[in-house]
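Contents: one structure, followed by commentary.
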Amino acid sequence: MTTAKRIGILGGGQLARMLVIEGFKIGLEMHVMSRHSTDPAAQVTRYWHEGDVSNLSQLAEFFKKVDIVTIESEFMDENTLSQATRATGTAVEPHPQLLSQLSDRLTQKQWLVDNKIPTAPFVAVRNAEDVRDFFKGHPGGIVLKKRRFGYDGYGTFIIRSSRDFDQWIAENGQKAADFIAEEFIPFKRELAVQFAVNGRGEVLRYPVVEWKAQNSRCLWVKGPARGGSGTKLLLHLEKALKRGVFHGVIAFEIFEIGAGKTHSKHWFINEVAPRVHNSGHYTIEATPTNQFQAHLRAILNLPLPKTPKLWSPGFAMWNLLGTSSDVSDDFLPEVQIHWYGKTEVRPGRKMGHITALGASGDAALKKLKKAIKGF
Ligand SMILES: Nc1ncnc2c1ncn2[C@@H]1O[C@H](COP(=O)(O)OP(=O)(O)OP(=O)(O)O)[C@@H](O)[C@H]1O
Ligand SMILES: [Mg+2]
């Protein structure tokens, strides 16, 4: 292990919680800065620091107490983070400039284009007229996406008719410049893949998974996805990451499009998440080096395996959305439960998840479907 052992995480949600739990397992001291002592990650460490991640002086105090800082959300202010680093000498990984670039859907798209990574055609939008023109040019439909702070489908609007268009203009026309417009892609499946990248030029690639959304929120993940390995795009992504300066876990959401449709590309990258990702939670049970430990190893510049071994041929994960249960009710012999410790249940809120292993992704998913009847 290196000398850097004290890791600081900005934010206290479930991603931070799982980073903390997995970090302690590999001998790290896991610090969290968040607003409330009841936050999911605050509950699982004695090194919790109350603070607001947008407040420079509180941030700098936190930076002084740790060796390296990382994030659970890409929506951080680049300048504030850089100032805190200058004041304390504590680095943030992934690099704040790259986080900022990837947290804006327009500059993220430009990053994809610059790296020759296939993605749905898009335009920057200045006003409602630009949206009208783009819709005229794409009568099959367009999708408007808020440039910043969109998540779980909040900030994503699918326009497939002039009625949808009129409604969107009435509600958002004034702030059209906050959006990008993208062509609607009639995808066959939604896939995802995570990579961990360290500063030694090593890239760990997890298997491609298939996932399903319900009301724009991930409901389940299964894998490895059929036909999801060895594609040129994966090698291309790996090369782009090797060339770049990103360190940590990065996830890509993918649209698989049917052969012979309007586009010649088989896969489009829909979205880049420069952090650990919901589509990779299964790695806790299914691999020896899960995405949370891989992220911590990557930012500490420790060696990474090239491909993770899988403990079973198939795996699946199901998000527990808007539901809670007493632990005593949860006797489920073939699934692993993760509750996030959220006190308030809201419809659709990610409260926890369950994972199962099996002979295939489908077999594992079947176990989960049976188990969720109990929730
Ligand atoms: N161009 C498109 N064509 C068809 N469907 C789309 C398109 N873009 C997005 N969608 C659908 O909307 C969902 C949400 O879009 P996207 O992932 O871009 O935004 P998000 O709200 O930021 O989601 P996340 O929570 O993953 O960050 C996608 O998973 C997909 O199902
Ligand atoms: Mg998404």
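The values are calculated or read from the model by the stated rules, or taken from the named source; none is laboratory data. These figures come from a predicted structure and were not determined experimentally. Here the Cβ positions follow ideal geometry from the backbone for every residue, glycine too, while neighbour counts run over all protein chains shown. The protein model used for the area step is the full one, side chains on, heavy atoms only, and it has no ligands, DNA or RNA in it. Shrake-Rupley method; radii C 1.70, N 1.55, O 1.52, S 1.80 Å.
Leaving ligands, DNA and RNA out of it, work out the accessible area of R132 with a 1.4 Å probe and give it in Å² to the nearest 10.
Roll a 1.4 Å probe over it and R132 shows about 90 Å².
What order do V66, V44 take when sorted by accessible area (1.4 Å probe), most exposed first?
The most accessible residue leads, giving V44, V66.
Stick to Cα atoms and the Kirkwood definition of Rh, then tell me Rg/Rh for the stretch 6-92.
Expressed as Rg/Rh, it is 0.93.
Multiply the residue gap between R200 and N301 by 0.36 nm, knock off their C-alpha separation, and tell me the result in nm, one decimal place.
That pair, R200 and N301, stretches by 35.7 nm at full extension.
For the modelled label position 7 Å from the Cα of R226 along Cα-to-Cβ, which residues of the stretch 344-375 have backbone nitrogen atoms closer than 16 Å?
359-366
Compute the normalised compactness of the chain: alpha-carbon radius of gyration over 2.2 N^0.38 Å, N being the residue count.
0.99
Any aspartates and glutamates with Cα under 12 Å of the K309 Cα? List them, leaving off those in the same chain fewer than 8 positions away.
Partners within reach: E285.
What's the local net charge at A286, with K and R +1, D and E -1, over the other residues with C-beta under 15 Å away?
It works out to a net charge of -1.
Determine the sum of side-chain charges near G322: Lys and Arg each +1, Asp and Glu each -1, restricted to other residues whose C-beta is under 10 angstrom from that of G322. Can you show the working numbers first?
Working: positive: R217, R346, R349, K350; negative: none.
Local charge sum for G322: +4.
Please give the calculated 222 nm ellipticity per residue for the chain, where each DSSP H segment of at least 4 residues contributes -39500 (n - 2.57) and the sum is spread over every residue; nearest 500 deg cm²/dmol?
-8500 deg cm²/dmol
Find out how many positive minus negative residues lie around E74, taking Lys and Arg as positive, Asp and Glu as negative, among other residues whose Cβ is under 15 Å from that of E74.
Summing Lys and Arg as +1 and Asp and Glu as -1 gives -1.
What is the distance, in nm, between label points placed 7 Å from the Cα along the Cα-to-Cβ direction at Q336 and at Q174?
Output for this residue pair reads 4.9 nm.
What do you get for trypsin sites (Lys or Arg not before Pro) in the stretch 218-314 restricted to DSSP loop and a cutoff of at most 11 other Cβ within 10 Å of the site's Cβ?
Filter output for the stretch 218-314: K306, K309.
Beyond 28 Å between alpha-carbons counts as too far, so tell me which of K25/K342; K65/K145; K145/K212; K109/K342 fall in that bin.
Beyond 28 Å between Cα atoms: K65/K145; K109/K342.
Assign unit charges at the C-beta atoms only (+1 for Lys and Arg, -1 for Asp and Glu), then state the dipole size of the chain relative to its Cα centre in Debye, rounded to the nearest 20.
Dipole size: approximately 900 debye.
If you consider only alpha-carbon coordinates, what radius of gyration and Dmax does the stretch 121-183 have, in Å?
10.3, 28
Given a Förster distance of 56 Å, report the FRET efficiency between Q110 and A359 from their Cβ-Cβ distance, rounded to the nearest 0.05. The partial results should precede the final answer.
On the way: r = 43 Å, r/R0 = 0.76.
In this case the efficiency is close to 0.85.
Going highest first, how would you order 8-14, 77-83, 276-282, 159-165 by mean Cβ packing within 10 Å?
On the way: 8-14: 23.6, 77-83: 16.1, 276-282: 26.3, 159-165: 14.6.
Those peptides, ordered most packed to least, come out 276-282, 8-14, 77-83, 159-165.
Would you rank W48, W111, W267 by solvent-accessible area, highest first, keeping every protein chain in place and using a 1.4 Å probe?
Descending order: W48, W111, W267.
Ranked highest first by average number of other Cβ atoms within 10 Å, how do 139-146, 90-97 line up?
Most protected by this proxy first, the peptides run 90-97, 139-146.
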